[in-house]
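Engineer: I'd like to ask some things about the structure below.
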Amino acid sequence: MSSITTDESSYGSHLWRQPSVMSAASSNLTSSSGADSCISMDSGCMTSTDQLSFLTHRSENYHQLMDDLAIIDEIYQTFDDEVESEPYERQVADAARNVAQKKSVADQMCQSEQQHINDMLNFERYYLTPINEWINDPANAGIFAKYPGLCSKPAMNNLFADTAEMTLAHQNFCKVLKERLDMWGPTQFISDIFAHFYDKLNVYETFLNGYPNTIVTIDSLYTKSATFPKYIDNYVSQANNPTVKDLVYYLKSSISRLSSYSIYVTELASATEPSHPDYQALNRIKDKFVQREKQWKTIVKDRLGHVRVLEASRSIQGNIAVVTIARRLYISSVITQVDLTEPHSTADTRTYVLYNDMLIYCQKIKSYSKKASKSGSGGPVKLQFKGIISLKVAEVLPLSAKTIAKISEVKKHSALSSFMRKSEPQTTVGPRLVYGFELKVQGSSDEVMGLGDNYVYPMPTHGPLSIVKRTLIMRTQTEAEQNAWMTLIRRVHHNVTRRR
């Protein structure tokens, strides 16, 4: 703007070439008297002794122009500054967003960790403490002597010690994490907390190694002792604490929690700016958590399968699949066995439970004791064991196209029902997808007892028992469930035939 105020003639000659200013000058000429004008048009040429004289003679016009040009100049200057600073401002905004995201992840983890600590404290107070008292009572020493292969006192002592150490590690980790959150800022370090916590989690390796003996011992104490279940259940019921869950829940949560830490650390590392001093260290500890999870994935999955055997043993009345060191529970779900004479019927819908060595099915118990829901034995009894399906000679196949068509066909209605439906609003419903599998099994009549008479083929035998062949059409809810069952049944069949 200094060039405009100090050299008006040079700026005026430049201004004269701008069409917008030319239009403004013309407007002033037409609105002014002839005496005020010094611009004339001769032979199509424009001449002037002073091209800005019409402004200098009217000071209000001159000052108005200067003000307008100043505003324009400020707009261009502001626009140029924004263009130049846009990448920097975007970088600052992204960094601020990452800081907020990182704190949000840390907050979520802190809350989740505190809930896990509360669960572990309840586990110690309402289960491990009375268990420790009971097993160290000399009056109860006989059961360990009577069942040395099933009841292990060292296993229970190790469970008590390992849980106390794990709880302390989680408490210290959560305490330091809360302190960092209270002073949170863009430069806050957090990798050192996870590095220290990573080392403390080594106790889980000891816990996982002793887990099978722990599961078998707990089941044996409940099934072999007359006083143990009553002692534990009375202890829990007298506490009258609604937050206390059954024993199996705590046994599962202690190991299922392990997979969450690699997820949290990965999210924290992703929300950390590469320029942050903590970035490299956080990524290194993230890699260690991820690597450990991969190393422990198989054993954690195996231990969860083992504790689910205990859970099923406590919740299925008359269950023949007792808890052993080797038995694992793979999958359980509600499946409908289809009778092709009535393909739309869901009357034969039961809970099927697949172990690594057998397949059983159960019937839901319509009424059961609500008092059992707070039992330390693993929850209420909700199912009744009904039968076992031998997988020694078995083949699992996808549903055939013919079977799918039979199940999918529209059910015909009677004339009366069709007449009644005419008055109802009609809606268009697409064809329902059908998921499931066909299970071809064979065995003695005892092994397929209770499976019904459809698709049963007697086979010749030289023994007193007749061999029966059966094709079961099983319908699942989803495709994922269908694929899981087919894969796991093939695995169990391989396990069973390999042992023969």
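The values are calculated or read from the model by the stated rules, or taken from the named source; none is laboratory data. Just so you know, these numbers come straight off a predicted model, no measurement behind them. With ideal geometry, Cβ positions are generated from the backbone for all residues, glycine too; neighbour counts draw on all protein chains shown.
Engineer: How many residues, within the stretch 314-326, are buried (at least 21 other Cβ atoms within 10 Å of the Cβ) and farther than 11 Å from C362 by Cβ?
Structural biologist: Here the count works out to 2.
Engineer: Any idea which of D199, D182 is farther than 30 Å from Q295 by Cα, among the acidic types (D, E) and in the same structural domain as G305 (by TED's automatic domain parsing)?
Structural biologist: None of the others qualify; the one that does is D182.
Engineer: Also: Just for the stretch 181-211: of the residues that are β-branched (V, I, T) and in a helix (DSSP H, G or I), which one is farthest from Y250 (Cα to Cα)?
Structural biologist: Per the stated criteria, the residue is I193.
Engineer: Can you tell me which residues in the stretch 295-323 are in a loop (DSSP other than H, G, I, E, B) and not polar (S, T, N, Q)?
Structural biologist: Result: G318, I320, A321, V322, V323.
Engineer: Of all residues being over 34 Å from the mean Cα position of the chain (by Cα) and outside any helix (DSSP H, G or I) in the stretch 212-249, which is nearest to A145 (Cα to Cα)? Just the residue, please.
Structural biologist: S225
Engineer: Are any of the residues in the stretch 212-219 modelled with pLDDT of 95 or more, surrounded by fewer than 21 Cβ atoms within 10 Å (Cβ to Cβ), within 29 Å of R125 (Cβ to Cβ) and polar (S, T, N, Q)?
Structural biologist: Yes, the stretch 212-219 contains at least one residue that is modelled with pLDDT of 95 or more, surrounded by fewer than 21 Cβ atoms within 10 Å (Cβ to Cβ), within 29 Å of R125 (Cβ to Cβ) and polar (S, T, N, Q).
Engineer: Another question, then. Suppose we keep only residues that are part of a helix (DSSP H, G or I) and free of Cβ contacts under 8 Å to residues at least 60 places away in the same chain within the stretch 262-281. Which one would you say is surrounded by the fewest Cβ atoms within 10 Å (Cβ to Cβ)?
Structural biologist: Q280
Engineer: While we're on this one: Within the bounds of the stretch 146-157, is there any residue that is of a type in the set (S, T, N, Q), in contact (Cβ under 8 Å) with a residue 60 or more places away in the chain and not in a helix (DSSP H, G or I)?
Structural biologist: Within the stretch 146-157 (the criterion being of a type in the set (S, T, N, Q), in contact (Cβ under 8 Å) with a residue 60 or more places away in the chain and not in a helix (DSSP H, G or I)), the answer is yes, since at least one residue qualifies.
Engineer: Identify all residues within the stretch 189-203 that are surrounded by 15 or more Cβ atoms within 10 Å (Cβ to Cβ) and either under 21 Å from I325 (Cα atoms) or without any contact (Cβ under 8 Å) to a residue 24 or more places away in the chain (or both); write none if there are none.
Structural biologist: Of everything in the stretch 189-203, just one residue is surrounded by 15 or more Cβ atoms within 10 Å (Cβ to Cβ) and either under 21 Å from I325 (Cα atoms) or without any contact (Cβ under 8 Å) to a residue 24 or more places away in the chain (or both), namely I193.
Engineer: Let me ask you something else. Check the stretch 134-143 and report whether any residue there is under 26 Å from Y204 (Cβ atoms), modelled with pLDDT under 95 and polar (S, T, N, Q).
Structural biologist: Yes: one or more hits.
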